[in-house]
Amino acid sequence: MSVLIFVDIAEGQVKKVSLEALSYGAKLAEQLGTSAEGVVLGTPKEDLAALGKYGVSKIHHVSNPALDHLDAQLYTKVIAEVAGSTGATVIVFPNNMDGKSIAPRLSARLKAGLISGAVALPDTSNGFIVKKNVFSGKAFANISITTPVKIIALNPNAYPVRTGEGTATVAAFEAKVDSPRVKVISSTKASGEVPLTEAEVVVSAGRGLKGPENWGMVEELAKVLHAATACSRPVADAHWRPHNEHVGQTGIAIAPNLYIAIGISGAIQHLAGVNRSKVIVVINKDPEAPFFKAADYGIVGDAFDVVPKLTEAIRKIKA
Amino acid sequence: MKILVCISKTPDTTAKIAFTDNNTKFDTSGVQWIINPYDEWYALVRAIELKEKDASTIVHLVTVGGADAEPIIRKALALGGDEAFRVNADSHDSFYIASQIASIAKEGAYDLVFTGKETIDYNGSSIGGMVAELLDFPYISLASKFELNGTKATITREIEGGEETAEVDLPVVVSAAKGMAEQRIPNMRGIMAARTKPLKVSEPVAVEALTSVTSFGLPPAKAGVKLVPADNVDELVRLLHEEAKAL
Ligand SMILES: Cc1cc2nc3c(=O)[nH]c(=O)nc-3n(C[C@H](O)[C@H](O)[C@H](O)COP(=O)(O)OP(=O)(O)OC[C@H]3O[C@@H](n4cnc5c(N)ncnc54)[C@H](O)[C@@H]3O)c2cc1C
């Protein structure tokens with residue numbers, strides 16, 4: 001019995017969602033009275049032993065250039081092998097893009113019940129019950145996993161990264177790796193920008209901004225806050241912003257610590273994807289905008305007047 | 001080319017979310033049902049576009065659900081597709097549903113299986129990956145672009161802060177996200193044609209569910225908004241910093 005955590009890396013760097021998964025897995029192992037171990041595939045550029053400070057005692061590293069890009073099929077086979085040989089009874093993934101590719105495959109392979117989008121540690125007092133968001137964040141469900149091996153995919157920003165003392169032993173794991181069937185030919189990454197799904201602060205704007213030429217002030221505000229930018233659906237549909245910024249029920253669901261909504265009315269479909277944010281600030285010139293009902297703080301005012309002033313005020317306190 | 005598109009029935013995006021039976025069941029009273037938007041706007045429309053490019057392409061739809069799912073599958077057929085399957089079962093367990101779809105997919109020997117990236121009710125994002133594993137097909141999730149070149153597909157998927165493009169030989173399972181296609185409105189001809197398209201109902205294969213819902217709940221309501229005057233952004237910053245500890 002042990003808890004195995006999949007450590008997702010990109011260009012050799014351990015992703016923040018992986019640190020959350022490690023912290024969650026370590027806490028869960030403590031709760032179950034067992035040990036937590038991690039598994040890393042591909043070619044990390046970081047010292048894996050240092051991952052011990054998130055609470056894992058051991059890292060299994062499967063080094064093979066075929067694993068430098070995600071082929072969910074290969075990853076699943078390798079992780080299944082590691083899980084089998086370590087006797088893992090719970091396997092934790094971050095519920096990010098890669099996690100969503102691999103965890104369901106592994107679930108079907110091992111006939112291990114999967115909860116994707118978990119937001120809390122399992123209740124193990126009577127069975128194994130995991131809380132997850134449903135209806136795009138409008139509700140939650142408690143779901144019981146009834147199989148001996150269990151898989152949890154943890155939502156980003158749902159569990160804090162906990163750092164302690166300790167180093168992990170790093171063990172090379174020899175796995176049979178087939179040749180990949182998915183051949184990655186290119187990847188683009190907006191460098192320097194904060195990925196929306198991982199961001200702790202998100203600055204989002206809607207149709208109230210009138211046109212794409214007015215996004216400069218949104219980007220300025222995001223920059224001083226080290227935030228990601230997002231938008232409402234009509235803004236993405238009109239190609240004012242790229243579609244990967246579209247948040248809401250039919251876009252990306254996010255749960256940052258701080259969500260600032262500028263010139264967004266707060267339609268139910270928009271709220272569904274963002275109402276899990278810890279603190280919501282709304283800037284809207286219409287005092288009747290529905291978003292104010294879902295907000296913690298608000299300013300009734302013209303975005304073109306308020307946003308530049310807000311950027312200045314934040315710059316002052318950050319200095 | 002044979003394409004199977006997975007179609008799920010979900011509550012309308014404005015549906016009131018409430019629960020009955022001691023918070024163990026979703027309250028369906030007064031709920032309007034729609035095709036899961038990701039299945040409709042992206043997976044189904046992209047499959048139809050492929051058929052429009054190559055008339056020999058066959059597009060089949062599959063849903064796992066009770067008889068009450070038929071209006072939804074007819075609506076999907078009105079957008080396009082040649083025929084549909086309904087596996088007569090009601091389940092919230094992804095593995096159970098995926099096993100039914102995989103069984104239909106195996107029988108039909110499809111080159112391509114499309115799903116939406118997730119359903120807007122259970123937000124599982126799991127069916128595609130499970131079906132792929134059960135069929136031993138490669139899987140690309142959250143695809144924003146899909147191009148076909150003979151038996152080779154070029155697929156772009158979302159990654160954190162960017163995109164990744166890969167080539168894969170068919171067969172493949174793909175989950176579709178925004179960018180794949182644009183929403184369409186069914187026309188009168190499509191709606192008429194859908195009435196007579198074959199809809200085959202089959203009984204489920206025996207599979208053990210791996211999970212079960214024990215209860216539902218609603219998140220606590222917000223305490224209420226604190227309004228700050230527009231000419232005092234410093235006060236907002238102070239509140240965010242000192243009170244909310246969000247800065
Ligand atoms: C099936 C379905 C799915 C959907 N999914 C999504 C989704 O995932 N995400 C999403 O966002 N939407 C979604 N929608 C659309 C949603 O219903 C709303 O239409 C949309 O969110 C509105 O976008 P908006 O707030 O930017 O624009 P509007 O509703 O036009 O609101 C603009 C706001 O800006 C304010 N404003 C105008 N000028 C200024 C100014 N100078 N300063 C400050 N404020 C100003 C106005 O008061 C108004 O409140 C969906 C709809 C459907 C039917």
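The values are calculated or read from the model by the stated rules, or taken from the named source; none is laboratory data. Keep in mind that what you see is a predicted model, and the values were worked out from it rather than measured. Neighbour counts run over all protein chains shown; Cβ positions are idealised from the backbone, glycine included.
Numbers below:
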item: One residue from B:V213, B:V207 being out of contact with any strand residue (DSSP E or B) (no Cβ under 9 Å at 6 or more places or on another chain) and in contact (Cβ under 8 Å) with a residue 60 or more places away in the chain; result: B:V207
item: Of all residues in the range A:169-219 being among the hydroxyl-bearing types (S, T, Y) and within 13 Å of chain B (Cβ to nearest Cβ), the one that is nearest to the chain's Cα centre (by Cα); result: A:T197
item: Number of positions in the range B:41-65 that are closer than 19 Å to B:S126 by Cα, surrounded by fewer than 23 Cβ atoms within 10 Å (Cβ to Cβ) and within 16 Å of the ligand (Cβ to nearest atom); result: 1
item: Pairs with Cβ under 6 Å, 6+ apart, first in the range A:255-270 and small (G, A, S), second part of a loop (DSSP other than H, G, I, E, B) and near the ligand (Cβ under 6 Å from one of its atoms); result: A:G263/A:G206; A:S265/A:A289; A:G266/A:A289
item: Qualifying positions in the range A:272-303 - within 18 Å of B:P219 (Cβ to Cβ), more than 9 Å from every other protein chain (Cβ to nearest Cβ) and in contact (Cβ under 8 Å) with a residue 40 or more places away in the chain; result: A:G273, A:V274, A:S277
item: Residue within the range A:233-249 that is more than 9 Å from the ligand (Cβ to nearest atom), more than 10 Å from every other protein chain (Cβ to nearest Cβ), at positive phi and modelled with pLDDT of 95 or more present; result: yes
item: Residues of the range A:256-286 that turn out to be over 17 Å from A:E245 (Cα atoms), more than 7 Å from the ligand (Cβ to nearest atom) and touching a strand residue (DSSP E or B) at 6+ places or on another chain (Cβ under 6 Å), as a count; result: 4
item: Verdict on A:D98 being under 23 Å from B:G161 (Cα atoms), at the interface with chain B (Cβ under 10 Å from one of its Cβ atoms), among the acidic types (D, E) and under 18 Å from the mean Cα position of the chain (by Cα); result: yes
item: Filter result for the condition that a residue is near the ligand (Cβ under 7 Å from one of its atoms), of a type in the set (A, V, I, L, M) and in the same structural domain as A:V218 (by TED's automatic domain parsing), over A:A289, A:A313; result: A:A289
item: Within the range A:1-15, tally of residues that are outside any strand (DSSP E or B) and either touching a Pro at 6+ places or on another chain (Cβ under 9 Å) or closer than 18 Å to A:G52 by Cβ (or both); result: 4
item: Within the range A:55-73, considering residues that are in contact with an Asp or Glu (Cβ under 9 Å, 6 or more places away or on another chain) and more than 9 Å from chain B (Cβ to nearest Cβ), the one nearest to A:I185 (Cα to Cα); result: A:A66
item: Residue that is outside any loop (DSSP other than H, G, I, E, B) and either in the same structural domain as A:N96 (by TED's automatic domain parsing) or at pLDDT 95 or above (or both), where the choices are A:S265, A:S204; result: A:S204
item: Qualifying residue in the range B:207-222 (condition: surrounded by fewer than 18 Cβ atoms within 10 Å (Cβ to Cβ), at the interface with another protein chain (Cβ under 7 Å from one of its Cβ atoms) and farther than 23 Å from A:L114 by Cα); result: yes
item: Qualifying position, being without any contact (Cβ under 8 Å) to a residue 40 or more places away in the chain, more than 14 Å from B:Y42 (Cα to Cα) and at the interface with chain A (Cβ under 8 Å from one of its Cβ atoms), among B:I127, B:I140; result: B:I140
item: Criterion: modelled with pLDDT under 95 and closer than 16 Å to A:K100 by Cβ - qualifying residue of B:E164, B:E133, B:E118, B:E160; result: B:E160
item: Subset of the range A:110-129 [within 9 Å of chain B (Cβ to nearest Cβ) and either buried (at least 24 other Cβ atoms within 10 Å of the Cβ) or of a type in the set (G, A, S) (or both)]; result: A:A112, A:G113, A:L114, A:I115, A:S116, A:G117, A:G127
